[in-house]
1. Starting from residues that are charged (D, E, K, R) and loosely packed, with under 15 Cβ neighbours inside 10 Å, keep the ones in region 24-48 and report whichever is nearest to residue 66 (Cα to Cα).
2. Would it be correct to say that residue 100 is open to solvent by 20 Å² or more (accessible area, probe 1.4 Å) and in contact with a Pro (Cβ under 9 Å, 6 or more places away or on another chain)?
3. I need the full set of residues from region 150-159 which are more than 10 Å from residue 87 (Cα to Cα), in a strand (DSSP E or B) and open to solvent by 40 Å² or more (accessible area, probe 1.4 Å), in order please.
4. When you scan region 108-117, do you find a residue that is within 15 Å of the chain's Cα centre (by Cα), farther than 15 Å from residue 11 by Cα and not basic (Lys, Arg), even just one?
5. Tell me, yes or no, whether region 71-82 has at least one residue that is over 30 Å from residue 30 (Cβ atoms) and of a type in the set (Gly, Ala, Ser).
6. Please go through region 62-91 and pick out each residue that is within 16 Å of residue 32 (Cα to Cα) and surrounded by fewer than 14 Cβ atoms within 10 Å (Cβ to Cβ).
7. Considering region 108-137 alone, what residues qualify as being of a type in the set (D, E, K, R), closer than 24 Å to residue 84 by Cβ and open to solvent by less than 70 Å² (accessible area, probe 1.4 Å)?
8. Here's a check for you: in region 125-149, which residue that is free of Cβ contacts under 8 Å to residues at least 24 places away in the same chain and part of a strand (DSSP E or B) is nearest to the chain's Cα centre (by Cα)?
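The values are calculated or read from the model by the stated rules, or taken from the named source; none is laboratory data. Small disclaimer: the values here were computed from a predicted structure and weren't measured. Note: ideal-geometry Cβ built from the backbone for every residue, glycine included; neighbour counts use all protein chains shown. Ligands, DNA and RNA are excluded from the accessible area calculation, which covers all protein heavy atoms including side chains. Shrake-Rupley method; radii C 1.70, N 1.55, O 1.52, S 1.80 Å.
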Amino acid sequence: MAEKVYPMTAEGKEKLQKELKNLKLVKRPEVIERIKVARSFGDLSENSEYDAAKDEQSAVEQRIVQIEQMLKYAQVVDADSVDPNEVSIGKTVTYTEVGTDDPETYTIVGSDESDPLNGKISNDSPIAQALLGKKKGEKVTINTPGGTFDVTINDVKTLN
């Protein structure tokens, strides 16, 4: 069975690599030290500090495994290799909903990089799914859980 591919920008991959390094070299040793200190308090069956440290250790180890998996199967998308007018991961797209004059701008990134409040949407989102592969000037119908709407793509830019 093929493993899942994780599309991402070069910036997103670098961010994951930094997070992994921090988890392994800083966070993991901190948690291990907290466990040692909590053990010294005695009876582990009623030791909330020990339980909290073990829970944190589990979360850190799970995130390490998740990041390692993502990096192993990372597919860095080179937006420069795609037609400059075509929407792809790593590009910023501006569109206007038909019937309005308010343009919206989003950067399409891999799912782990998404940050909608800062204009970065996941390539798995309904908006990105509708826009991917489309070109500047095209009209696109976007189906979201909140409803369907038509947009016109005004501009497509590559991240720099």
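1. 24
2. no
3. Within region 150-159, 150, 154 qualify.
4. yes
5. There is at least one residue in region 71-82 that is over 30 Å from residue 30 (Cβ atoms) and of a type in the set (Gly, Ala, Ser).
6. 62
7. Selection gives 113, 120, 134.
8. Within region 125-149, the match that is nearest to the chain's Cα centre (by Cα) is 144.
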